[in-house]
Amino acid sequence: MAPALAERAGVVHEVAPGRVDEIAGALLGTVDPGELIVALGGGRVIDTAKALAAARAPAERPLVAAVPTTLSAAEMTAVHRRAAGADSSLPRVRPARVVNDPALSASQPAAELAASAANALAHAAEGPATRRTNPVAALTGREAARLVGAAYAGGDEPDRDMLALAALLSGYTIDSAGYGLHHVLAQTLARLAGVGHGQANTVMLPHTLGALERRGAPGAGDLVALATALARRAQASRLSELGVDEAALDTCADAAAQRSELDAIPPRPDRGELRALYAAAF
């Protein structure tokens, strides 16, 4: 997808499937980052690069550059897991250089692109509901949501340039304002129930938007029809259809209820509300 980038790299590392903390921890002893780590890929690849840089003291860490191939918006945030074994007191890393080319960032096949677009829509909807929200983040999120809807308004083939811009703006929103209820539920599914990150966001979003609107996210409820349409395009309308066992819902609800990020969107949801949202998506 970017052969010239690979040709000019000192070393090329393939990022394995799995959890970012474990992947980055395994790479700590093998990657000599030098002055620059370039991440070419989706959120998992970019987050791994951020975690590797964040494992070093600020004076010693390399710059991170990101060339996204999905709409994850990881290139716009300092949100990432720590590399296993790294010092958790060190500050996190946001990519210093971003090359967002729609030919790459919106290049996924139709179903995967719809799931990635739902992730961007979730960023746009959740940011304005947090304690850290601000007028710029709210306006940026609103425009990102509008762009996602407009991108799919023309028929089966979306406007991929429009989706790339929507993802970039949604990343600004979530980096500025933070996240809470929706992303906690989706991330927990991805870690404990074996659901891909994009599908986890997609399947939960039609159900979490109402909870976000009740917590102050303006217009979140108006996005339910769009979120439902994206879930249908992504073939991720029900957790049961994604192979999730109903017993896993209790495990996920227990784990999600412990996440500190839930404090970001008051009132903090309790375990019962989280379990009910999982059940609605099942």
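The values are calculated or read from the model by the stated rules, or taken from the named source; none is laboratory data. Everything numeric here is computed off the predicted structure, so don't read it as measured data. Heads up, the Cβs are rebuilt from the backbone with ideal geometry, glycines too, and the neighbour counts pull from every protein chain shown. Calculation scope for accessible area: heavy atoms of the full protein, side chains included, ligands and nucleic acids excluded. Shrake-Rupley method; radii C 1.70, N 1.55, O 1.52, S 1.80 Å.
Below are the figures for this structure:
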read-out	value
Of all residues making up the stretch 256-282, the number that are small (Gly, Ala, Ser), open to solvent by 40 Å² or more (accessible area, probe 1.4 Å) and within 19 Å of the chain's Cα centre (by Cα)	1
Options 227, 211: the member that is over 15 Å from the mean Cα position of the chain (by Cα), modelled with pLDDT of 95 or more, more than 15 Å from residue 117 (Cα to Cα) and part of a helix (DSSP H, G or I)	211
Subset of the stretch 106-151 [touching a Lys or Arg at 6+ places or on another chain (Cβ under 8 Å), part of a loop (DSSP other than H, G, I, E, B) and either of a type in the set (S, T, N, Q) or open to solvent by 10 Å² or more (accessible area, probe 1.4 Å) (or both)]	107
Pair list, Cβ under 9 Å, 6 or more apart: the stretch 183-211 residue within 17 Å of residue 265 (Cα to Cα), other residue crowded, with 23+ Cβ neighbours inside 10 Å and of a type in the set (D, E, K, R)	183/126; 208/126
Boolean, residue 25 is surrounded by 14 or more Cβ atoms within 10 Å (Cβ to Cβ), modelled with pLDDT of 90 or more and more than 22 Å from residue 76 (Cα to Cα)	yes
Odd one out for residue 39 among (1) free of Cβ contacts under 8 Å to residues at least 40 places away in the same chain; (2) farther than 23 Å from residue 179 by Cα; (3) among the aliphatic types (A, V, I, L, M)	(1)
Helices (runs of 4 or more DSSP H) contained in the stretch 1-67 and holding at least 3 residues touching a Ser or Thr at 6+ places or on another chain (Cβ under 6 Å)	20-27
Residue in the stretch 160-176 that is closer than 16 Å to residue 71 by Cα, in a loop (DSSP other than H, G, I, E, B) and either open to solvent by less than 30 Å² (accessible area, probe 1.4 Å) or in contact (Cβ under 8 Å) with a residue 24 or more places away in the chain (or both) present	no
